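Worksheet: the structure to be examined is printed underneath.
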Amino acid sequence: MNILDGKATAGKIKQRIAADLASLPEAVQRPQLAAVLVGHNGASETYVAAKVKACNEIGFGSKLIRFADNVSENELLACIQQLNEDNSVHGIIVQLPLPQHIDEQKVTMAVKVEKDVDGFHPENLGRLMLQLPGFVSATPKGILMLLEEYKIETSGKHCVVLGRSNIVGTPVSLLMSRNAFPGNSTVSLCHSKTKDLALLTKQADILIAALGRPQFVTAEMVKQGAVVIDVGITRVADTTTPKGYRIAGDVDFEKVAPKTSWITPVPGGVGAMTIAALMQNTYLAWQRITSSDATR
Ligand code: NAP
């Protein structure tokens, strides 16, 4: 068993961007990421703080715009409009989930496509499907960057994806099946209505678990020698820790790891890569906007 080290790989990616920026004259405007955060959801607070920290580390500017839970949809849309028009902002993210009274789709669609570094806008998702330049959402992009870093063979492999969300499962399944590296896999996209799930997972050369169900994937569900990517991040109550919880992945790491050829840990796997991919998207947005080059 070998570890797909997301933390180390993310560190390398961030260092490369930081070095590129450091070589620019001081007068050149740096990339800036704007993050919009509604309410005080603990997990969202943690994710946004990590994104702002990464910006600071590599020399990006960052803006954190906070709203109370009861912010109106119009107020939020007006803020996004302002950020769309702000020439000093190159990337915009709206941390999900949003409160129930706000239409997430409407908010996602309000972000200017050129600044949609989360890749959630329908145009960017369509571009991903058609393999046109655009923004690939950070988690699927991070997973692919990790497979690329470790030169994991994906061509002709059976890749089983657990979960079909718009932000992870569906885009990663599209990416793994496209004619590229990483890609060229034969993909099975599974969800809660999939019958005989274990029958499929046992055939997976590459298993990507993105369900949000702690330790759902057990050793019996995994083929000997498989590559296992654990996307899950769930806070599980744990009175032995100072915070009263610990982070659990979707894979029973201890039991599954010995059967695998490669596996991502949680934390230190896909989560770290997601942040690095977001930084890379923001850097790309800045390059495209400042050079008006949409083909990158
Ligand atoms: P989501 O929107 O809740 O989707 C979960 C998916 O899992 C759904 O497609 C659901 O099927 C499927 N599912 C749930 N229970 C299942 C079961 N028993 N059998 C088969 N399929 C089942 O979740 P998400 O946003 O994709 O996130 C998934 C996990 O990844 C969460 O733990 C989240 O915190 C984590 N995450 C991590 C990162 C990171 O940076 N590492 C980024 C994003 C998300 P249906 O469609 O049929 O309901």
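Filtering Val117, Val71 for residues that are open to solvent by less than 20 Å² (accessible area, probe 1.4 Å) and within 16 Å of the ligand (Cβ to nearest atom) leaves a single hit, Val117.
So, in the stretch 150-172, how many residues would count as being within 16 Å of the ligand (Cβ to nearest atom) and either among the acidic types (Asp, Glu) or closer than 23 Å to Gln95 by Cβ (or both)?
If we filter the stretch 150-172 for residues that are within 16 Å of the ligand (Cβ to nearest atom), which is where we start, we get 159-172.
Filter again for either among the acidic types (Asp, Glu) or closer than 23 Å to Gln95 by Cβ (or both), leaving 163-172.
Selection size over the stretch 150-172: 10.
The test for being touching a residue at least 24 places away in the same chain (Cβ under 8 Å) and at positive phi does not hold for Gly91. Out of everything in the stretch 242-286 that is of a type in the set (Lys, Arg) and modelled with pLDDT under 95, what residue ends up being most open to solvent (accessible area, probe 1.4 Å)? Per the stated criteria, the residue is Lys243. Quick check on the stretch 221-232. Is at least one of its residues open to solvent by 40 Å² or more (accessible area, probe 1.4 Å) and within 24 Å of the chain's Cα centre (by Cα)? Checked against the condition, which is being open to solvent by 40 Å² or more (accessible area, probe 1.4 Å) and within 24 Å of the chain's Cα centre (by Cα), the stretch 221-232 yields no hits at all. Taking the stretch 211-257 as the range and being near the ligand (Cβ under 10 Å from one of its atoms) and either over 22 Å from Ile152 (Cα atoms) or touching a Cys at 6+ places or on another chain (Cβ under 7 Å) (or both) as the test, the residues that pass are Leu211, Gly212, Arg213, Pro214, Phe216, Ile233, Thr234, Arg235, Ile247, Ala248. Among the residues of the stretch 53-68, those identified as surrounded by 17 or more Cβ atoms within 10 Å (Cβ to Cβ) and either assigned to a helix (DSSP H, G or I) or basic (Lys, Arg) (or both) are Ala54, Cys55, Ile58.
Each row is one residue, and each column tells you yes or no for (1) crowded, with 24+ Cβ neighbours inside 10 Å; (2) of a type outside the set (Gly, Ala, Ser); (3) on the phi < 0 side of the Ramachandran plot; (4) assigned to a helix (DSSP H, G or I).
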{"residue": "Pro140", "(1), (2), (3), (4)": "yes, yes, yes, yes"}
{"residue": "Glu148", "(1), (2), (3), (4)": "no, yes, yes, yes"}
{"residue": "Ser165", "(1), (2), (3), (4)": "no, no, yes, no"}
{"residue": "Val172", "(1), (2), (3), (4)": "yes, yes, yes, yes"}
{"residue": "Asn184", "(1), (2), (3), (4)": "no, yes, no, no"}
{"residue": "Thr194", "(1), (2), (3), (4)": "no, yes, yes, no"}
{"residue": "Gly212", "(1), (2), (3), (4)": "no, no, no, no"}
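Pairs linking a residue in the stretch 189-205 that is in the same structural domain as Gly156 (by TED's automatic domain parsing) to a residue that is open to solvent by less than 100 Å² (accessible area, probe 1.4 Å) and among the charged types (D, E, K, R), with Cβ atoms under 9 Å and 6 or more positions apart or on different chains, are Thr201/Lys223; Lys202/Lys223; Gln203/Lys223; Ala204/Lys157; Ala204/Lys223; Asp205/Lys157; Asp205/Lys223.
The values are calculated or read from the model by the stated rules, or taken from the named source; none is laboratory data. The structure displayed is predicted, hence computed values, not measured ones. With ideal geometry, Cβ positions are generated from the backbone for all residues, glycine too; neighbour counts draw on all protein chains shown. Quick note on the areas: whole protein, heavy atoms, side chains included, nothing else; ligands and nucleic acids left out. Shrake-Rupley method; radii C 1.70, N 1.55, O 1.52, S 1.80 Å.
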